[in-house]
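Down below is the structure, laid out as structure tokens.
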Amino acid sequence: LLILIISVITIGQEGPGGVGNDTDNRFWNRLEKSVFSDGDLVSSITNYGGNSLLTTQGTVASQPTYTEGVSAMNGQGVMVFDGTNDFMMIADNSDINTSGTAQNSKDITFVIRTGANINTRQFIYEEGGSTRGLNIYIFNGLIYFAGWNENNDGTGSPWVFTSVSSAISINTEYIITLSYRGNNTTSGTINGYVNGILAGTANNVGLLYAHADDIG
């Protein structure tokens, strides 16, 4: 994984690929601007976006490994997750999951390389729990982009778990984006993009109300 970007909707010149800027892109995790050596365990990544929170992992056994050399992507080092217990976290915060105002738009982008196993369920990103949230995950050779707000919290709710998926291949690099666009009539969408191409659209999406659980 090279970068995680969680953004509001703004087009500018400073962000990755000219999308957004350091303020609008609330979380922009950039390994190439962090100080790691080949083989280091990753305990935290600096956030170069408009929110100051770090992405962290305090448990050594769950820290991914920073790798360069033949494993690099586009000449840049990567984090390698072991597929067993490695994961990173962002603390609860109002930009992502605890705002008192229901959210209606969010873009979440990752750069990833799949491994040899794309059948076991593997979470790329998740916020929320059983009642409300968004996630991106791999399962049975597909990558899923999903969301839900199953409690009747007010305008724009409830709406049940809904997802869109796209076929992926083993040992392959991808740029993936979940684009959430909800509204107060539950007629919004979740779009999934793979390498900049729309993979599909999930419909009947409403507002996303505050939800606990750290972001992973």
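The values are calculated or read from the model by the stated rules, or taken from the named source; none is laboratory data. Keep in mind that this is a model prediction, so the values were computed, not measured. Note that each Cβ is placed from the backbone with ideal geometry, even for glycine, and that neighbours are counted across all protein chains shown. For the accessible areas, the whole protein counts, side chains as well, though only heavy atoms, and no ligand, DNA or RNA atoms are used. Shrake-Rupley method; radii C 1.70, N 1.55, O 1.52, S 1.80 Å.
Here the range 22-76 and the range 77-148 have alpha carbon centers that stand 16 Å from each other. The alpha carbons of the chain stretch over 50, 36, 35 Å along the principal axes, in descending order.
Accessible area of the range 159-202 with a 1.4 Å probe: how many percent of it is carbon plus sulfur?
Working: 1070 of 2020 Å².
After summing per-atom areas, the C and S share lands at 53 percent.
Computed over protein heavy atoms with a 1.4 Å probe, the accessible surface of the chain works out to 46 Å² per residue.
Once Rg and the Kirkwood radius are both taken over the C-alpha atoms of the range 43-125, their ratio Rg/Rh works out to 0.99. Of the peptides 186-194, 109-117, the ranking by mean beta-carbon count within 10 Å, highest at the top, reads 186-194, 109-117.
Based on the Kirkwood radius over alpha-carbon pairs, what value in µm²/s does the Stokes-Einstein equation return for the translational diffusion coefficient of the range 33-78 at 4 °C and 1.567 mPa s?
Working: Rh = 11.6 Å.
This corresponds to a translational diffusion coefficient of 112 µm²/s.
Projecting the Cα atoms of VAL80, TYR180, GLY200 onto the dipole axis of the chain, where Lys and Arg carry +1 and Asp and Glu carry -1 at the beta carbon, places GLY200 farthest toward the positive end. Here the gap between GLU173 and ASN152, fully extended at 0.36 nm per residue and compared with their Cα-Cα distance, gives a gain of 3.7 nm.
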